[in-house]
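Have a look at the structure below before the remarks.
Rule-based calculations on the coordinates, nothing more; no lab input. Predicted model only: the values in this text are computed from it and were never measured. Because the Cβ atoms are built from the backbone with ideal geometry, glycine has one as well, and the counts that use them run over all protein chains shown.
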Amino acid sequence: MPAVAARSRRTAESGRAMRFHFLLTNHFRYGCFRIEDICVPIATGLGELGHIVTYGFDDDVPPWPAVNLLVENFNNPAVVDQMARLKAGPQRYCFGVVGHEDIADAAIFDNPSFPDRRRNLERALTLADFGWTIVPCEYGALAGGERMRFLEFGYARSLRHNASLPRDIDVLFYGELGGRRLPLFNALVGRGLKVEASFGLLPAFFVQDLIDRAKIVADIGRADGLRFLTPTRICAALHRGATVMSEQIDRGPLAKLYRYAAPVTIDDFVETAVAVAQSGRAPEIGQKARELFAVETSMAASLLRAMTLPLFAELAAA
Amino acid sequence: MHFHFQLANHYYGGLSQIEDIVTPVVWGLRALGHRVTMGILPQLPNWPSVVLLLEYFAYEPAINSFLAWRSDTSLPRSCVGLICTEDLDDALVMNNPEHPGRRENLLRAFPYCDFVWPIVPSGYDAYVNAERLAFLDYGYIDALRLEGWPTAQRDIDVLFYGSINERRRAVMEGLTARGLNVAATRGALPSYIARNLMGRAKLVLDMKRADPVIYTSPSRICAALQQGATVVSELFDTSRLRFLYDYTEACEFGDIVERCVDLARSPDVVERGLAARERFSRGT
């Protein structure tokens, strides 16, 4: 959070600073807590590039040349309807959609609790000027998907945090426990480890404290058969110097993040976690992984790669 | 010492609204060299660790489990401190049908606490012995210091810090009618958004939520001051919390709109907040 405010100072010095405005009406109110891991690294990377990042809701939609960023989950169509109205009006607006889920994941896009999520995403893509997806799935097959770019999450120096707290939690489950992670949680407790969970809804001040106290952050898939790892989870832990233990489920471009995590399978996770937690080496492993992550990745560089559409040249010149 | 915040009674939605209360205590204790942890799982540390609770026992299971734990003589010794953030006599909070039993359950909890730290000087001394009661004044903490935006980029004239209700909406409309750009944190925004809004604002407006309220919000004022915001506070508190007005542009309810208009147009509006933060850091 301090980084977001502090970075903005530099934008005054840049004549080509753009304004990116997260329009988060569709996530108000508690959903905003769940997308912090998505928004903040993007905001931080944009800030490091000298751009201005703001947040707003409802009618707070700045016109061109501001870029309105909408984070996907449009089960409620209101914000997509708003996009359509504004796009049809006399004033020019620019919209970008940030995708963060696998569009082939039926648990997300064919979920009866969110019956209109996929349909409204498809509508939003046809209206949007561009899109960024943090999971490299098949947006190209959708109308408007040709304007989507893969946004690789990486290191941002402003998010680096050197924890000063004693690492007194052996394993932290980052996310909801659910039926797949809960047995692992219980097994670790049964082995005498101190285990905590972020439960998916704890606010950042709380989760960040838990990460800073954790020897190991467990990155275990929420369900069998997932194709993609969760870049937000791995990156959040790496920035705080925690040792990440990742279930090896991803064979695509995101698998590069496994370089900064200890590999595990669902079957050997408990034994590996016990061994690492009791070895006393977890802090060292986490620090080394973060340094490698910092050298080999860059959130700002990733954003530049995701801004290769002609639209961004036009925005920069506006 | 080890202090452990047990926050399960605020899980889930409530946790999003207590950051301004919890983090100054956490980082204040850490600045004193203590170890502070937070959790929602039921395992609690024994004496000599201190379990800190933040008052909110609106629901029976929360108070019942607390009383059962503290009454169980077979358990090892424990130590509990209770932080109280509300005016005991504020009917909007303590007799609110959405939070049934809040006041009654708080009174039930008092005898089971080793100490109580109120952050508003309500009548806690009527229920808690003096040797177990200590007022907790909020003040400056270096670890929570944040920077706002350069003056030229402050595109929000007035930011309402808190939820918008009828009382605050009247002021909001008055400000908008005077041509100011007004925004609100709406009471439940995560800090990455609230801090961004505050960083963009020339003024942060601190108003009480209802006429009968008699205590200002130290957590709100301190959160804004930590970010160097120029705070316009509604002037109404005559208690010991009144010292916080020294760091704000305090004025009566009826003068808020004019005060904000004048300040928002003043060339030194941002510098006033930065100067107030320096005074706050030296004086608290």
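Need one number: nm distance between label points at B:R265 and B:L32, each 7 Å from Cα along Cα→Cβ, rounded to one decimal.
Taking the simple label geometry, B:R265 and B:L32 are separated by 4.7 nm.
Pull out a ≥ b ≥ c, the square roots of the eigenvalues of the alpha-carbon gyration tensor of segment A:157-296, then state rounded if a/c is under 1.5, prolate if not and a/b is larger than b/c, and oblate in the remaining case. Could the numbers behind the result be given before it?
On the way: a/c = 1.32, a/b = 1.07, b/c = 1.23.
In terms of gyration-tensor shape, rounded.
Can you tell me which lysines have their Cα less than 30 Å from the Cα of B:K208? Leave out same-chain residues fewer than eight positions away.
none
Can you list which of the GluC sites (Glu not before Pro) found in segment A:130-164 are DSSP loop residues with at most 14 other C-beta atoms within 10 Å?
Numbers: sites: A:E138, A:E146, A:E152; in loops: A:E138, A:E152.
Filter output for segment A:130-164: A:E138.
Quick check on the protein assembly as shown: take the gyration tensor over C-alpha atoms, sort the square-rooted eigenvalues as a ≥ b ≥ c, and tell me if it's rounded (a/c under 1.5), prolate or oblate.
oblate
Taking a cut-off of 22 Å between Cα atoms, list the lysines near A:K288, but don't count ones fewer than 8 places away on the same chain.
In chain and number order, the partners are A:K215, A:K256.
Just from its helices, what would the mean residue ellipticity at 222 nm be for chain A, if runs of 4 or more DSSP H residues each count -39500 (n - 2.57) and the sum is divided by every residue, rounded to the nearest 500 deg cm²/dmol? Could the numbers behind the result be given before it?
Details: 13 runs with 127 residues, N = 318.
Result for chain A, helices only: -11500 deg cm²/dmol.
Report the longest stretch of chain B that contains none of the chymotrypsin sites (Phe, Trp or Tyr not before Pro) sitting in a DSSP loop with at most 16 other Cβ atoms within 10 Å. Could the numbers behind the result be given before it?
On the way: sites that count: B:Y11, B:Y12, B:Y59, B:Y127, B:F135.
So the longest stretch without any such site is B:136-284.
Count, for each residue of A:20-33, the Cβ atoms from other chains sitting within 10 Å of its Cβ, then give me the mean as a whole number. Write down the numbers at each step before the final one.
Values: counts 0, 0, 3, 0, 3, 0, 0, 2, 4, 7, 5, 1, 8, 10.
Mean partner shielding for this stretch: 3.
Be a star and scan segment A:243-259 for residues whose amide nitrogen sits under 20 Å from the point 7 Å along the Cα-to-Cβ vector of A:A275.
So the set is A:243-249, A:258-259.
If I take R0 = 22 Å and measure r between the Cβ atoms of A:R222 and A:Y30 in this structure, what FRET efficiency does the formula 1/(1 + (r/R0)^6) give, to the nearest 0.05? Show your work: numbers first, answer last.
Working: r = 19 Å, r/R0 = 0.86.
Efficiency at R0 = 22 Å is approximately 0.70.
Take the Cα pairs of chain B, get the Kirkwood Rh, then feed it into Stokes-Einstein at 4 °C and 1.567 mPa s and tell me D in µm²/s. Numbers along the way, then the final one.
On the way: Rh = 19.9 Å.
Roughly 65 µm²/s, to the nearest whole number.
Take the Cα of A:R191, step 7 Å along the line toward its Cβ, and report every residue of segment A:232-272 whose backbone nitrogen sits under 17 Å from that point.
A:243-248, A:262-272
By its C-alpha gyration tensor, with a ≥ b ≥ c as the square roots of the eigenvalues, how is segment B:2-132 shaped: rounded for a/c under 1.5, else prolate for a/b larger than b/c, else oblate? The partial results should precede the final answer.
On the way: a/c = 1.36, a/b = 1.21, b/c = 1.12.
Taking the square roots of the gyration eigenvalues as a ≥ b ≥ c, segment B:2-132 is rounded.
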